[in-house]
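> Got a structure for you, questions after.
The values are calculated or read from the model by the stated rules, or taken from the named source; none is laboratory data. Fair warning: this is a prediction, and the values are worked out from it, not measured in the lab. In this analysis, Cβ positions are derived from the backbone assuming ideal geometry, glycine residues included, and neighbour counts consider all displayed protein chains. For accessibility, only protein heavy atoms count, side chains too; no ligands or nucleic acids. Shrake-Rupley method; radii C 1.70, N 1.55, O 1.52, S 1.80 Å.
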Amino acid sequence: MANSASGDSVVDRIVRLLSAFPEDVSALQLSELAERSGLPLTTAHRLVRQLAAHGLLDAGPGGLVRPGLRLWELVNRTAPTLALRQAAMPFMEDIQQVLNQNVNLAVLDGWDALFVERLSRRGSVANRARVAGRMPVHTSSAGLALMAHQDRLLQSQYLDQFADPDGKVATDAVRVLLSETFHQGFAQLKGVVDPDTWGIAVPVLDPRQRAVASLGVVVPLREMRLQALVPALQTAARGIARRLNDA
């Protein structure tokens, strides 16, 4: 495969181009897309033109570029999270029907919680989680529920990034969060992402008791109903796990 003068391949450059679209931004000027992807403008223009010919990007008037419908179609047809979303949706709808608040489904990707589904209603509290959006593990209840139920090697690798030159203060703080989450069977963060909201999440466990997903809610901080929320989430998570195992 041909490489550029900088050593990256055509595939590398295409990935950089497609990855340059930020969250919640559906279109960019070609010049901004080139800058964000670190590609020369002429290279970006050529790749955009080629990808647009296949429907993977849409090059509109005035140099505006957005992801194409063909890209959306391919991703949704073959996404590895498709079975998970299908298994989870009935349970997510039931929880939302009762709470009238945000319900999230996330998976672990690197050191982030990657949100693969979200249900919201008018009048529900602010929710920073977006479908295909990410949050660092330690800043989201979804991420804590996921990481707390991984093997020790992965947890150790994750915690290593928090070690500061003067000791393990930050590491210990995150380790405590993960330990509490594991022993409680759920994660909760109050006012961390938004000062007026409370995130609560539980793991969806595989037969080895490893988290393959997390199911969570974002509710107003004043709603202190753990006794009702957590059992409902845990029951739903077990139902999702059964549907995945039977698939």
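> Once you have a ≥ b ≥ c as the square roots of the Cα gyration tensor eigenvalues for segment 44-98, tell me rounded if a/c is under 1.5, and otherwise prolate or oblate according to whether a/b is larger than b/c.
On the way: a/c = 5.35, a/b = 2.61, b/c = 2.05.
Since a/c reaches 1.5 and a/b is larger than b/c, the shape of segment 44-98 is classed as prolate.
> Let me ask something additional. Would you kindly derive the ³J(HN,Hα) couplings of segment 14-26 from the backbone phi angles with the Karplus curve 6.51 cos²θ - 1.76 cosθ + 1.60 (θ = phi - 60°), listing them in order in whole Hz, with x for Gly and Pro?
Running phi through 6.51 cos²θ - 1.76 cosθ + 1.60 with θ = phi - 60° gives 5, 4, 4, 5, 5, 7, 7, 6, x, 4, 6, 10, 8 Hz.
> Also, I was wondering about something else. Considering the values [x] 14.2; [y] 16.8; [z] 12.1, which represents mean projected area of the Cα convex hull in nm² as calculated for the structure under consideration?
[y]
> Subtract the Cα-Cα distance of ARG175 and GLU23 from 0.36 nm times their separation in residues, and report this length gain in nm to one decimal.
Details: separation 152, 0.36 × 152 = 54.72 nm, distance 2.91 nm.
Additional length available on full extension: 51.8 nm.
> Here is a follow-up. Could you order the peptides 23-31, 51-59, 96-104, 194-202 from most to least packed, using the average number of other C-beta atoms within 10 Å per residue? It would help to have the intermediate numbers written out before the result.
Numbers: 23-31: 12.6, 51-59: 16.8, 96-104: 19.3, 194-202: 21.8.
Taking the mean over residues of other Cβ atoms within 10 Å, the ranking is 194-202, 96-104, 51-59, 23-31.
> If I compute solvent accessible area with a 1.4 Å probe over the protein chains, what percent of it on the chain is carbon and sulfur? Intermediate results must be reported in sequence, preceding the final value.
Numbers: 7320 of 13430 Å².
Accessible surface attributable to carbon and sulfur in the chain totals 55 percent.
> Under the Karplus relation 6.51 cos²θ - 1.76 cosθ + 1.60, θ = phi - 60°, what is the ordered set of whole-Hz ³J(HN,Hα) values for segment 103-120, x standing for Gly and Pro?
So the Karplus estimates, Gly and Pro as x, are 10, 10, 10, 9, 10, 8, 9, x, 9, 10, 8, 9, 8, 10, 7, 8, 10, 9 Hz.
> Work out, step by step, the length gained on full extension between ALA79 and GLN157: first 0.36 nm times the residue separation, then minus their alpha carbon distance; give nm to one decimal.
That pair, ALA79 and GLN157, stretches by 25.4 nm at full extension.
> Right, something else. Roughly how many Å² is the accessible area per residue of segment 60-217, as a whole number, for a 1.4 Å probe? List each step's numbers first, then the result.
Values: 8110 Å² over 158 residues.
In whole numbers, segment 60-217 has 51 Å² accessible per residue.
> Moving on to the next point. Taking amide H positions as placed in the peptide plane 1.01 Å from N, state which residues far from ASP58 in sequence (5 or more) or on other chains have amide H under 5 Å from it.
Under 5 Å from the amide H of ASP58: ARG66, GLY68.
> What's the FRET efficiency of MET89 with ARG122 using the Cβ-Cβ distance as r and R₀ = 22 Å, to the nearest 0.05? Show your work: numbers first, answer last.
On the way: r = 20 Å, r/R0 = 0.89.
Given R0 = 22 Å and the Cβ-Cβ separation, E is 0.65.
> Okay, next question. Relative contact order (percent) for the chain, with alpha-carbon contacts under 8 angstrom and 6 or more residues of separation?
Numbers: 396 pairs, mean separation 35.2, N = 247.
Relative contact order of the chain: 14 percent.
> Let a ≥ b ≥ c be the square roots of the eigenvalues of the Cα gyration tensor of segment 140-246; is it rounded (a/c under 1.5), or, if not, prolate (a/b larger than b/c) or oblate?
Values: a/c = 2.67, a/b = 1.22, b/c = 2.19.
Because a/c hits 1.5 or more and a/b fails to exceed b/c, segment 140-246 counts as oblate.
> Please work out the FRET efficiency for the pair ASP196 and THR42, using the Cβ-Cβ distance as r and a Förster radius of 41 Å; give the result to the nearest 0.05.
The pair ASP196/THR42 has a calculated efficiency of 0.30.
> Okay, helix-only estimate at 222 nm for the chain: each DSSP H run of n ≥ 4 adds -39500 (n - 2.57), divide by all residues, round to 500 deg cm²/dmol; what do you get? Can you show the working numbers first?
Values: 9 runs with 111 residues, N = 247.
Per the formula, -14000 deg cm²/dmol.
> Got a sec? Charge dipole of segment 12-143, +1 on Cβ for Lys and Arg, -1 for Asp and Glu; which of VAL137, PRO61, LEU108 is way out at the positive end?
Of the candidates, PRO61 comes out farthest on the positive side.
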